[in-house]
1. Rounded to the nearest percent, how much of the accessible area of region 46-170 (1.4 Å probe, protein heavy atoms only) is carbon and sulfur?
2. Accessible area per residue of region 61-168 at 1.4 Å probe, in Å²?
3. Using 27 Å as the Cα-Cα cut-off, could you pick out the over-long pairs in Lys132/Lys166; Lys132/Lys163; Lys136/Lys163?
4. Sorted by average packing, counted as other Cβ atoms within 10 angstrom per residue and highest first, what order do 102-113, 128-139, 158-169 take?
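The values are calculated or read from the model by the stated rules, or taken from the named source; none is laboratory data. Given the structure is predicted, the values throughout are model-derived calculations rather than measurements. Cβ sites come from the backbone with ideal geometry, for glycine too, and all protein chains shown count toward neighbours. Please note that ligands, DNA and RNA were not included when accessible areas were found on the heavy atoms of the full protein model with its side chains. Shrake-Rupley method; radii C 1.70, N 1.55, O 1.52, S 1.80 Å.
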Amino acid sequence: MSHPLETTDVSFTSTVRSLYGGGGPPGFRAETQTILTTGLQAGGSAVSFSSVEVFEADDNILYASRKGGPYGPGGSSGIKPIIYKTINRGQTWNEVEPDLPQVNVLAIHPQNHNTILIGSRDGIYQSEDSGKTLNKLEDLSDVISIEFQISDSNIIYAAADSKVVKSTDG
């Protein structure tokens, strides 16, 4: 089954929950904001977005990633993975397309928005320049989740095909 590539407007919705009191009993307030983006390609599984992350220290900064699929000799989809970054809440996006692995998931370092981790089908990669260059950190099969520990960003957890791993050196 093939999926046509087309440029469409893509809408990301961000919900922020915060604890409030206001003289009454504490509760949670949810604020929802839709961030409209234009010109990002949407389509089938290799073209679909695999991850959208908001930098917690500044919600003007977001990353979105296109998963991509096997490409090159013997590859099936020929769709290259792409990372998109915005610093103005999605008004404009910069496309980062180095020699990326398939992007299953990405995570933004909590203190430095230029440092990201990418989980792929063959491991975890780190970039300190918003995805322009990558260093492979760990060989793992099918990384599906990466999380920085809130209290200590040197501690990172990743879920892969059949295990969860922990790094304590960032």
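1. Values: 2780 of 6340 Å².
Carbon and sulfur together cover 44 percent of it.
2. On the way: 5400 Å² over 108 residues.
Averaged over the residues of region 61-168, the accessible area is 50 Å².
3. Values: Lys132/Lys166 25 Å; Lys132/Lys163 29 Å; Lys136/Lys163 18 Å.
With Cα atoms farther than 27 Å apart: Lys132/Lys163.
4. On the way: 102-113: 19.5, 128-139: 14.9, 158-169: 12.7.
By packing density, highest mean first, the sequence is 102-113, 128-139, 158-169.
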